[in-house]
Amino acid sequence: MAENPSTVNSILRLEHITKIFPGVKALDDVSFDLRPGEIHALMGENGAGKSTFIKVITGVHKPEGGKMFLYDEEVHFDSTRDSQQAGIACIYQHSTAYPDLTIAENIFLGHEIFDGPLKKLNWRSMHARAKELLDSLGSELDTKTTMGELSVAQQQIVEIAKALSTDAKIIIMDEPTAALTKQESEDLYRYTRRLQASGVSIIFISHRFEDMYELGDRVTVLRDAQYIGTWDVDKITNQEMILAMVGREITNLFPKREVAIGDIVLEVKNLKKTGLFRDISFHVRKGEIVSLTGLIGAGRSEVAEAIFGIAPADSGEILIDGAAVKIQNPTDAGATGIGLLPEDRQRQALILDWEISKNIGLGNLAKFKRKFFYNVSHEEEEAQTLAEKLAIKASTIFDKISSLSGGNQQKVVIAKILTTDLKLIILDEPTKGVDVGAKAAIYEIMGELSEQGYGILLISSEMPEVLGMSDRILVMKSGRVTAEFTKENATQEAILAAAILNTEIAS
Amino acid sequence: MANMQRTNVELDRLALQHSFDAKKFFIRWESLLVVILIGILVLNVVVSNGNFLGSQFFSAANGFMDKSFIVLSMAFVLITGEIDISVGSTVALSAVLMAISYNAGLPMALAIALCILVGAGCGAINGLIFVKFRELPTMIITLATMIIYRGVATIILEDRASGGFPDWFAEISWGSLGPVPYSVIVFALLATLFAVVLHKTAFGRELFAIGNNKLAAQFSRIKVNRDLFVAFLLNGLMAGVCALFLTSRMTSTRPNIADGYELEAIAIVVLAGIPTTGGKGNMTGVILAVFIIGFLRNGLGMFNVTSPVMSVIIGLLLIGTVLISNFFINKEKKL
């Protein structure tokens, strides 16, 4: 529109969008514009309104107020079908693909290529076209591979190809790097840039600052359902960004405390499980935070699950307070004082349909048993105490887990673990998928726990977290510990080298 | 029942947001069941010209009590998200072995003990196979044992009836305390016991946790295998109890008895509000559903409705109830 020259450059523009759910304003006067060929990062804490905003763009939700323009023409989407036809595609964090179908079948699901009057499926053209699309992204995947055989990262490439197959001009990527390793993320950056080069405009949602710096041209921040601002990525600092997202300054994201480190609480010697890990020996002292880092698939979680008795090791020794213990199952682990915060809180730790208090009680059912009966009021008291101590944000302890944000869900898992008297706590990716505010809170809790004398084994892929919180750092690569650092001599480069390079140089 | 109250509190909270009371009422599954039960009781009273209020009530109840024992334990199995379709065959095998061993000279008291033990044994075998081979779905395991148990019963007895039990044996199912048949008393005791275990003990909480999220239950240090084994064992045990009362009521047994009991038990449990995916439900619903199906059959019987027609009606009732409830629950969810 000529009369408004400032907006001529936008391919998609939303003005003053308001979305109201019963009792909550999910979006409050949010404006946004996407320029042709740009990568626009959309950032904000969990619950800031990013998902709702995306759903307004794709037509899942109808906004109560505001306008949306596509190529400067006002549009109304009543369903995702409308938005797809208009050339908008969305790639979700969790792949929506069918694992038993091939790559080509997944790409053309719903818009297959047909032949002749009988509408015979033309697989030859579909495979050829799928290959073209993957080639254009620089991927060499075989279109006949089934989706289930692919890694999360590879599945995302297929999802991108699928979006391209529908001739999408705007692609929305919803936290695509959340489940990826550093290396995989970098591959994804490459594909995304290729996508950009081919003229597609991209909205990129993420928690990670690296993603924004690496990819974004501009960034828009939402907080508490409100539009905070839009910046050129190269003109905003880390601190400004945190301030925009959290609304307060986090001066020290890693409140590592100076703690008196005591005796060895956990020691493992020559732990081995065929095909997963071997020669694993290390120890954790009272009050000490030891990180176990490395790439996803290096065997870190497997070591944790062996120590916790989910899948015990084939051989090797586990010692608690210097005495050898036999851990065949999680019950044994609990009895010896080992607790585990699993990697996937929704799948492995929580019952989403249950209230906070019942989930916390699940951490130690035996404790709340009085003779034959289960003592619900005892459970609720304990849940209340822990919820206050960990500052779980909810109206009461009877709120359902599914209504909580990722960070608060994680705090419930921590509360659950703390119902048991423990000596050693294993935290497997404790800040995965939580926003920066909740991260700071979880680090704070870790600091407190170490002060109280717990030994902590931290499994993490996030370099800043590993460097910021650990007393010692162990690096795993292909099932073995390849390096150990103290907090004084650890650097990001050295850790990365140990995680990636070692054997590649050797072989 | 803490668990139940809590669910109701939740529903109250949901319902508070809306002014239309019918919603509040119907989204409580048990309310719906109570309405249906009252309707069916009225039907029985009308059809029997009022006789139902007298002696008929208990004699009718006595007629369906035996299979109701299985419903209690089947509720446990379904709450864990598993299924057991072998119980009908377990009833047959237990009854046949009791009859055979008595006729071979075993004292009746021991034959009864054997009946219960065989039931428990069959359940234990199901549980053991499941725990040892977790990759096999329980539908397949119990389909196999359903065929095997029934097959063994038929091999032992062939197509004959076996009976000739002492007179006092019939008393187990035909005797009563005042107007109340022993079977109803035993059911009341067992139903209370199952309800207390499910809603008041850590074990009950564990069953719900397993049904909701097996992996999270395991990470929460719940002995998932042990609990599932116990659920299957109990189901077999209750099938043994069923065999005892059924044989006593029939005075003799054949290898083809209790055919289809497993499906009826599962249907009653689902009607009670326990989804086959597990994790939800309560014993109040189960007990209501037992009487709904039992008295519905009785009332229809008085109309001379044939058995196949009865099955169709029960099927329709099952679908109808689930749909009505889903309708109101989905309406809630959309808002």
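The values are calculated or read from the model by the stated rules, or taken from the named source; none is laboratory data. On a predicted model such as this, the values are computed, not experimentally measured, just so you know. Don't worry about glycine lacking a Cβ; one is built from the backbone with ideal geometry, like all the others, and counts go over all protein chains shown. Heads up: the accessible areas ignore ligands, DNA and RNA and are worked out on the full protein's heavy atoms, side chains in. Shrake-Rupley method; radii C 1.70, N 1.55, O 1.52, S 1.80 Å.
A few points about this structure:
- When A:Asp353 is tested against the conditions (1) more than 9 Å from chain B (Cβ to nearest Cβ); (2) under 21 Å from B:Lys200 (Cβ atoms); (3) not aromatic (Phe, Trp, Tyr), the lone failure is (1).
- Residue check, A:Gly65 among the small types (Gly, Ala, Ser) and under 16 Å from A:Met173 (Cα atoms): no
- Test for A:Gly275: is it within 22 Å of A:Thr181 (Cα to Cα), over 22 Å from the mean Cα position of the chain (by Cα), assigned by TED's automatic domain parsing to the domain that holds A:Gly309 and surrounded by fewer than 20 Cβ atoms within 10 Å (Cβ to Cβ): yes
- Enumeration of residues in the range B:211-230 that are more than 25 Å from the chain's Cα centre (by Cα) and of a type in the set (Phe, Trp, Tyr): B:Phe219
- The set of residues from the range A:318-342 being touching an Asp or Glu at 6+ places or on another chain (Cβ under 6 Å), in contact (Cβ under 8 Å) with a residue 24 or more places away in the chain and more than 14 Å from chain B (Cβ to nearest Cβ) comprises just one member, A:Leu319.
- Listed by position, the strands (runs of 3 or more DSSP E) contained in the range A:313-388 that have at least 2 residues being crowded, with 23+ Cβ neighbours inside 10 Å are A:338-341.
- Listed by first and then second residue, the pairs linking a residue in the range A:482-501 that is in the same structural domain as A:Glu288 (by TED's automatic domain parsing) to a residue that is in a loop (DSSP other than H, G, I, E, B) and open to solvent by less than 40 Å² (accessible area, probe 1.4 Å), with Cβ atoms under 6 Å apart and 6 or more places separating them unless they lie on different chains, are A:Lys487/A:Ser470; A:Lys487/A:Asp471.
- A:Ala178 vs. criteria part of a loop (DSSP other than H, G, I, E, B), at negative phi and assigned by TED's automatic domain parsing to the domain that holds A:Phe69: yes
- Within the range A:356-397, the set of residues being of a type in the set (A, V, I, L, M), at the interface with chain B (Cβ under 9 Å from one of its Cβ atoms) and in contact with a strand residue (DSSP E or B) (Cβ under 8 Å, 6 or more places away or on another chain) comprises A:Leu365 only.
- Residues satisfying the stated conditions in the range A:263-293, i.e. touching a helix residue (DSSP H, G or I) at 6+ places or on another chain (Cβ under 6 Å) and assigned to a loop (DSSP other than H, G, I, E, B): A:Leu276, A:Gly287
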